[in-house]
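Okay, structure first, notes after.
Every read-out reported here was derived from the displayed coordinates using simple, explicitly stated rules and does not represent laboratory data. Small disclaimer: the values here were computed from a predicted structure and weren't measured. Heads up, the Cβs are rebuilt from the backbone with ideal geometry, glycines too, and the neighbour counts pull from every protein chain shown.
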Amino acid sequence: MKSTRVFQLTALALVLVSVVQVAWWVFDQRSYTQRNAQTLRTAYAGQAAAAQALLEGGSRPERIHELLPNILVSDGHAALSPAASAALAAEQVSRHRQYAWEGAFFLLALGLCIAVIARALRAEAHVLAEQDSFLALVSHQFKTPLASLQLSLETLALRTPPPPQARVLIDRMLADVARMELMVTQILESARLERGRADFRSEPVQLAGAVGRVIAQLEERARQAQVSIASDIEPGLSVVSDPLALDVVMRNVLENALAALAPVGRGSIALTARARGDEVELAVRDSGVGFATADGPRLFEKFTRLHPGGGGGYYGTGLGLFIVRRLMELAQGRVSAHSDGPGQGASFLLTWPAAPGQRS
Amino acid sequence: MSTEAPVAPRVLVVEDDTHLAAGVIENLRAEGYEVSAASDGEQALAWLAGAGCALIVLDVMLPGIDGLGVCRRLREQGNNTPVLFLTARGDPADRVRGLEAGGDDYLAKPFHLQEFLLRVRAILRRWDWYHSASATAATAVLSFGGNEVDFRAFRARAWNGEAQELTEKEAMILKVLAEHDGDIVSREDLLEKVWGYDVFPSTRTVDNFILRLRKRFEADPANPRHFLTVWGVGYRFLKDGTP
């Protein structure tokens, strides 16, 4: 903040000094040109007087014109020719214009340089502020499961509860540890994404197979939560993406759907895909808690948790859908979410570029 | 307001993290408190609109209206139920924000169970003292210098006829000072009696509250007659004012 202020003040001082300097320079050049023109006029007046003397001494006008080409003799009078006078005035105007343009160009170039530097500094400050707030948010996110873990441990130590109650506390602690582990994974993933697309591959991926593998990983959990997952994806559909990124996207979207279903207790998740022009669309619908329609875009921001406490043991970290959005952007695709309101379920629409072989 | 301390004080726990809420609730129950729970600010306010409790354990980072907002709204409504904030942010600036919002104490996550229970007990004890010290008709009202303070209603009428709404901290400080009419009360004693212990980063906070009391009740706050500063020590309250 302080360095930005210093830069602003220095830039302002530089601009002010430069404007004064340029104004002085233009003024000085103008005076110099006027003085030069005046000197020339005096010289021409001298030539005219000499020509007049020669004329009166009997020299022929042609001879005088040969000797003094800028002097015109007519009706026995020698004077500066209108053409020379006009050339003198034109030269003066042209010089003034040149100095004005040069001065303005200099100021413009200076202004542009300052704007470029300011922009770079602002971008850097923005990155630093983002990193700061990211760190603050990350540490904040960790403190709640950590507090829960500590509380359970201290409860065990303080109260020595009977085995059934102790079991509840142990399960809670295991879930807290799992929650923190998921957070570490997601934070690392999102940090990698922040650095850009260095490792991102773009290749055709068969959608049904990729989605099927993720569903298989989550099937047991879904069964325990009384959630049915139905997938209707044509075997031929392929998209362009990084295979690992597609896997992470599907896992996060399905984890999110399971979390949205946890407070409801049971429900369904339906996946349908279709080709649409040069793209492939995958819709993931759940019958979970849904969200206020206006909250749709906010879902994909970092650390947005519309149902933070989760329920039934599921906890969001606030990073899952942010990662989905970034990975979809890297795949030149997009993602959007819609819900008709709380309690109405939600649908997520993922769109990838279709693999070249199957574009319609 | 009830004059006798309830047998089992009720605590409202407002925490959106179900695990942490469950842990807090179980431990409070094990200590003999009655416990109610809310998972967000709106739920807490709705619950408090229809019921009362002896203490609110309030998470700061809640979905929707946050803990500070809940506390502010309660104070605006004249609800003086003590609030113990739980928060993931524990730096002094955040603490001050919490206490300025009307909180009584502030505990940063992760916290020690014993410390949490100790703080709950300390807040309830302070309020027990306040209520019992304002229990009789004689102790419920304080008259000085044309001012009249009703400790039970947290209201006052100032010397110029102006009606005043007191915060619970202002009322508590006034109570402590009035109980020691004519004696010097140190800043540390005021902190200990009103806030408990190391809640505030400095004793200067007490000075700010005294300034607020002077503004409310002194005809000339710059030359106080009732709330006198004893340099380097604390304050002396004179019911009858300086001669």
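Descriptive notes on the structure:
- Sites excluded, GluC sites (Glu not before Pro) in DSSP loops with at most 16 other C-beta within 10 Å, longest stretch of chain B: B:32-161
- Loop-located chymotrypsin sites (Phe, Trp or Tyr not before Pro) in segment B:142-232 (DSSP state other than H, G, I, E, B) with a sparse environment of at most 12 neighbouring Cβ atoms within 10 Å: B:TYR197, B:TRP231.
- 0 to 90° range, to nearest 10: angle between helix B:41-50 axis and chain B longest Cα axis: 70
- Modelled this way, with points 7 Å down the Cα-to-C-beta line, the labels at A:SER74 and B:GLU192 are 11.4 nm from one another.
- Only one residue of A:VAL205, A:VAL227, A:ALA273 has its Cα farthest out toward the positive end of the dipole of chain A, where Lys and Arg carry +1 and Asp and Glu -1 on Cβ, and that residue is A:VAL227.
- Helix B:204-217 and the longest principal axis of the C-alpha atoms of chain B enclose an angle of approximately 60°.
- As a length-normalised measure over Cα pairs under 8 Å and 6 or more apart, the relative contact order of segment B:137-237 settles at 24 percent.
- Of the GluC sites (Glu not before Pro) found in segment A:230-308, those in coil by DSSP whose Cβ has at most 11 other Cβ atoms within 10 Å are A:GLU301.
- Here is what passes the span test in chain A: the DSSP H helices with alpha carbon length of 30 Å or more along the helix axis and a Kyte-Doolittle mean of -0.5 or above are A:2-56, A:82-159, A:163-194.
- With Cα atoms, 0 to 90° folded angle of helix B:168-179 axis to chain B main axis: 40
- Dividing the summed helix terms, -39500 (n - 2.57) for each DSSP H run of n ≥ 4, by the number of residues in chain A produces a 222 nm estimate of -22000 deg cm²/dmol to the nearest 500.
- Placing unit charges on the Cβ atoms of the charged side chains and taking the dipole of the protein assembly as shown about its Cα centre, the candidate lying farthest along the positive direction among B:LEU142, A:PRO61, A:THR351 is A:PRO61.
- Global form of segment B:10-133, assessed from the alpha-carbon gyration tensor, a/c cut-off 1.5: rounded
- Cα gyration tensor, chain A - rounded (a/c under 1.5), prolate or oblate: prolate
- Cα-based shape type of the protein assembly as shown, given that a ≥ b ≥ c are square roots of the gyration tensor eigenvalues and the cut on a/c is 1.5: oblate
- Under 30 Å of direct C-alpha separation, and excluding same-chain neighbours fewer than eight residues apart, A:LYS302 reaches these lysines: A:LYS2, A:LYS143, B:LYS109.
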